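Reading through the structure tokens given below for one structure.
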Amino acid sequence: MTHPPPSISGPMSVSATRWLAVGSLVGLIVLGLAWEMWLAPLRPGGSWLALKVLPLVVPLAGLLKNRMYTYRWVSLMVWLYFTEGVVRAWSDADALSRGLALAEVLLCLALFVACAWHVRLRLRHAAEARRQGAPLEQPEGAAP
């Protein structure tokens, strides 16, 4: 039995958006820590602003477990970090800090696009499966 080639919105795209979201989130965590502790802290020796990455650690497990709800709320939360990046890119005096802020903005945009696209693809696949009468994937721990 031959299988049709995966379409642009096939399972490979869902997997790609998942890993782009996870990679962007991990990148934001690493960047935030490195920025505020070693690369360009507000105060010599590190800054308490490094704690800003703690809210980013919370959704990591949900993204790795492929929870749709996590993708949805991360796509909203990421705009706080985007705003910080834009403000610091515009206002920081240090060129390194401005560059790090621009990297934060790019990572935030990548995370938002990955989350939004992931949700859209998964909803589309669920609708197609319903139309074809195929059983839907049950999330782990969900009742049948």
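Within 10 Å, count the other beta carbons around each residue, average over each peptide in 59-67, 100-108, and list them highest first.
100-108, 59-67
Given points 7 Å out from each Cα along the Cα-Cβ axis, report the Leu106 to Ser91 separation in nanometres with one decimal.
The modelled label-to-label distance comes out at 2.4 nm.
I'm spelling it out carefully: the read-out is Kirkwood radius over Cα pairs in Å, the candidates are (1) 16.8; (2) 16.3; (3) 20.5, and one was derived from this structure. Which label?
Answer label, from the structure shown: (1).
Using helices alone, I'd like the mean residue ellipticity at 222 nm for the chain: each DSSP H run of four-plus residues gives -39500 (n - 2.57), total over residue count, nearest 500. Working shown, then result.
Working: 4 runs with 97 residues, N = 144.
It comes out at -24000 deg cm²/dmol, rounded to the nearest 500.
Once fully extended, how much extra length lies between Ala50 and Leu123, figured as 0.36 nm per residue of separation less the alpha-carbon to alpha-carbon distance? Let's see the in-between values first.
Values: separation 73, 0.36 × 73 = 26.28 nm, distance 3.57 nm.
Answer, rounded to one decimal: 22.7 nm.
Among Gly32, Gly45, Gly85, which one shows the biggest mean-square fluctuation in a GNM of the chain, springs joining Cα atoms closer than 10 Å?
Maximum among the listed residues: Gly45.
Between Trp79 and Arg43, with labels modelled 7 Å along Cα→Cβ, what's the label distance in nm to one decimal, could you check?
So the label points at Trp79 and Arg43 sit 3.3 nm apart.
No lab work stands behind these numbers, since they all come straight from the coordinates. Keep in mind that this is a model prediction, so the values were computed, not measured. Cβ atoms come from the backbone with ideal geometry, glycine included; neighbour counts cover every protein chain shown.
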